[in-house]
1. For ILE87, indicate whether it is assigned to a loop (DSSP other than H, G, I, E, B) and open to solvent by less than 80 Å² (accessible area, probe 1.4 Å).
2. Restricting to the stretch 102-114, give me the number of residues that are open to solvent by 50 Å² or more (accessible area, probe 1.4 Å) and of a type in the set (S, T, N, Q).
3. Looking at the stretch 1-37, which of its residues are of a type in the set (Phe, Trp, Tyr) and outside any helix (DSSP H, G or I)?
4. Taking the stretch 1-16 as the search range and keeping residues that are modelled with pLDDT under 95 and among the polar types (S, T, N, Q), which one is surrounded by the most Cβ atoms within 10 Å (Cβ to Cβ)?
5. Return the only residue of ASP42, ASP99 being of a type outside the set (Phe, Trp, Tyr), exposed (fewer than 12 other Cβ atoms within 10 Å of the Cβ) and part of a helix (DSSP H, G or I).
6. All but one of (1) assigned to a helix (DSSP H, G or I); (2) surrounded by 15 or more Cβ atoms within 10 Å (Cβ to Cβ); (3) not polar (S, T, N, Q) hold for LYS117; state the number of the condition that does not hold.
7. Evaluate the stretch 69-83: report whether one residue or more is closer than 22 Å to LEU5 by Cβ and open to solvent by less than 100 Å² (accessible area, probe 1.4 Å).
Amino acid sequence: MSQKLTILFDLDGTLINTAPDLMNAHNHVMRKYGYKEKNISDIKKLAGRGSKVMLTRSLSDSTNIKEFEDKIDKMTKEFINYYSKNISKESTLKKGLLDFLSWCKKKSISLGVCTNKQEHLSIDLLKKIK
């Protein structure tokens, strides 16, 4: 019996550089609610545990934490809404990815994606990205 190989990938930052679109969604919400925008290096540090956690981490330097606790669910919904409409505006495939995936296909290696991104957003991003 031959061994079947499978490779599982993280999506954000591994297969696709999604930081620019995450930053744009983040900053859209921050502008709308009157909070400070972040740059790309900040977003890379904040991302990784979902949009609500990203927004909460971003606002953690706020002097009045109670003020944003009441808004965070609304802000998260706004983030998801904006991000879903702009998911692939600036995101890019990692360099060499298509060649590697093609090689995997030739070798009959099964592939999968693990992510904390909502499933419908992940599928949409994977379909749209070029």
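The values are calculated or read from the model by the stated rules, or taken from the named source; none is laboratory data. Note that the coordinates shown come from a computational prediction; the quantities given were computed from them, not determined experimentally. Reconstructed Cβ throughout: ideal geometry from the backbone, glycine too, with neighbour counts over all protein chains shown. When the accessible area is computed, the model is the full protein with side chains, heavy atoms only, and any ligands, DNA or RNA have been set aside. Shrake-Rupley method; radii C 1.70, N 1.55, O 1.52, S 1.80 Å.
1. On the way: assigned to a loop (DSSP other than H, G, I, E, B): yes; open to solvent by less than 80 Å² (accessible area, probe 1.4 Å): yes.
Yes: the conditions hold for ILE87.
2. Initial filter on the stretch 102-114 (open to solvent by 50 Å² or more (accessible area, probe 1.4 Å)): 102-103, 105-108, 111, 113-114.
Filter again for of a type in the set (S, T, N, Q), leaving 102, 108.
Counting residues in the stretch 102-114 that are open to solvent by 50 Å² or more (accessible area, probe 1.4 Å) and of a type in the set (S, T, N, Q) gives 2.
3. Restricting attention to the stretch 1-37, the residues satisfying the condition of being of a type in the set (Phe, Trp, Tyr) are 9, 33, 35.
Correct list: PHE9, TYR35.
4. Applying the filter and picking the extreme gives THR14.
5. On the way: ASP42 fails: exposed (fewer than 12 other Cβ atoms within 10 Å of the Cβ).
The conditions single out ASP99.
6. It fails just one condition, (1).
7. Scanning the stretch 69-83, I find no residue that is closer than 22 Å to LEU5 by Cβ and open to solvent by less than 100 Å² (accessible area, probe 1.4 Å), so the answer is no.
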